[in-house]
Each structure stands twice: as structure tokens, then as C-alpha cells.
Amino acid sequence: MNTAIKWIDTFNTVIGKVLSFTVYLLLIIVLYEIVSRKIFGNPTIWGFELSYMLYGFLFMMGYAYALKSKSHVNIDIFYSRANPRKQGILDIIGYLVFFFPFIYFGLKASYQFTIQSWQIMEHSQSTWAPPVYPYKTTLLIGFFLLFLQGISEFLKAIYKVKTGEMYES
């Protein structure tokens, strides 16, 4: 259990930190588009589309890192007052009732969405017309990474229930 938690946490931390540098690329693209449009009056045909694709990529690939770092929304009314064992029970219930069913449907839908896009070698309908099948693949990868991190968090909740202590990595 400990090995799986450490491996998943490390894997998603590395992915999250490495891909966080993509924000700088997004910043450069947006700044280039602004300067081209506002100063030179010559907007690009690719700037807007590439920026929303890159933002979507960051968002989708950041799901798991956000879960690991406890950055998702949490309703804290009862949770913060509970001891670690009760927190673990609440976590287990939350993962079984909400998280894993959501991930199941998310993986299923994104798989179908991705496969269909690859089968037709889908391209954008814009003038630039970049391929969108690699971009749509990131949704499937993002859900898979989130699923892995969910397993890690679920195992941490089991640890809390068994030991009455918070899991320390």
C-alpha cells in the first residue's frame, strides 16, 4: 500500500511540476497575439486557438496534481472537526459514492470521444485547422491520472481509518 501511494504521488507530482512550465509558453503565445493584434494590427490565425488548447491541456493534465495537493473544493463543515479516523471514513464514502463513479463515466466518455477523434483524424474548423485529436487525448490522459491519484487518496483514507493517524509521505 505504501509503495503504491508513494509511486502514484511522486508520478503525479513530477507531471504536475514539469507541465506547470507550460504556463510560460501560454503566456508567450498570449502576449505575442496581443502585440500582433493591438500594436501591429495584424492578428495571427493561430494565437487564440492555440492558447485555448494549451490552457485546456494544462487544466486537464493538472487534475491529478490538484487532487494530490488538496487544491480541489472541499466542504469543511464537519470534516475539519472530525478526528483522522472519522475523516478517513468520510473520505472513503466520498470516494466510493462520488469520485469513482464520476471517474468511471469520465474515462468512458473521454475514451469514446478520443477514439472517435483519432478515427476521423479530426481537425479544427478554423482557418488554421490544427489537428485536435492529440488535444482531445489529453482529456483521457487527465482522467486516467486523476483515477490513479484517486486510488492513492483512497488508500490514504484506509490508512487513516486503520491507524487513526494522517498518512505522511
Please identify the pairs in which a residue from region 2-17 that is among the aliphatic types (A, V, I, L, M) has its Cβ atom under 8 Å from the Cβ atom of a residue that is outside any helix (DSSP H, G or I) and buried (at least 16 other Cβ atoms within 10 Å of the Cβ), counting only partners at least 6 apart or on another chain. ILE5/TYR167
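Rundown of residues vs (1) closer than 24 Å to VAL132 by Cα; (2) of a type outside the set (Phe, Trp, Tyr); (3) in a helix (DSSP H, G or I), yes/no style:
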position	(1), (2), (3)
ILE15	yes, yes, yes
LEU27	yes, yes, yes
TYR32	yes, no, yes
SER71	no, yes, no
TYR95	no, no, yes
PHE98	no, no, yes
Any residue that is part of a helix (DSSP H, G or I), at pLDDT 95 or above and either surrounded by 12 or more Cβ atoms within 10 Å (Cβ to Cβ) or of a type in the set (A, V, I, L, M) (or both) - is there at least one of those in region 76-85? yes
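Residue-by-condition table, conditions (1) within 23 Å of the chain's Cα centre (by Cα); (2) within 27 Å of GLU168 (Cα to Cα); (3) not basic (Lys, Arg):
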{"position": "TYR24", "(1), (2), (3)": "yes, no, yes"}
{"position": "ILE29", "(1), (2), (3)": "yes, no, yes"}
{"position": "VAL35", "(1), (2), (3)": "no, no, yes"}
{"position": "ASN42", "(1), (2), (3)": "no, no, yes"}
{"position": "GLY47", "(1), (2), (3)": "no, no, yes"}
{"position": "SER51", "(1), (2), (3)": "yes, no, yes"}
{"position": "ALA66", "(1), (2), (3)": "yes, yes, yes"}
{"position": "ARG81", "(1), (2), (3)": "no, yes, no"}
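Rundown of residues vs (1) at pLDDT 95 or above; (2) crowded, with 16+ Cβ neighbours inside 10 Å; (3) in a helix (DSSP H, G or I); (4) charged (D, E, K, R), yes/no style:
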| site | (1), (2), (3), (4) |
| --- | --- |
| LYS108 | yes, no, yes, yes |
| TYR111 | yes, no, yes, no |
| ILE115 | yes, no, yes, no |
| MET121 | yes, no, no, no |
| ILE141 | yes, yes, yes, no |
| PHE147 | yes, yes, yes, no |
| LYS156 | yes, yes, yes, yes |
| MET166 | no, no, no, no |
| SER169 | no, no, no, no |
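The values are calculated or read from the model by the stated rules, or taken from the named source; none is laboratory data. The model shown is predicted, which means the values in this text are computed figures rather than measured ones. Glycine also receives a Cβ, built like all others from the backbone with ideal geometry; neighbour counts cover every protein chain displayed.
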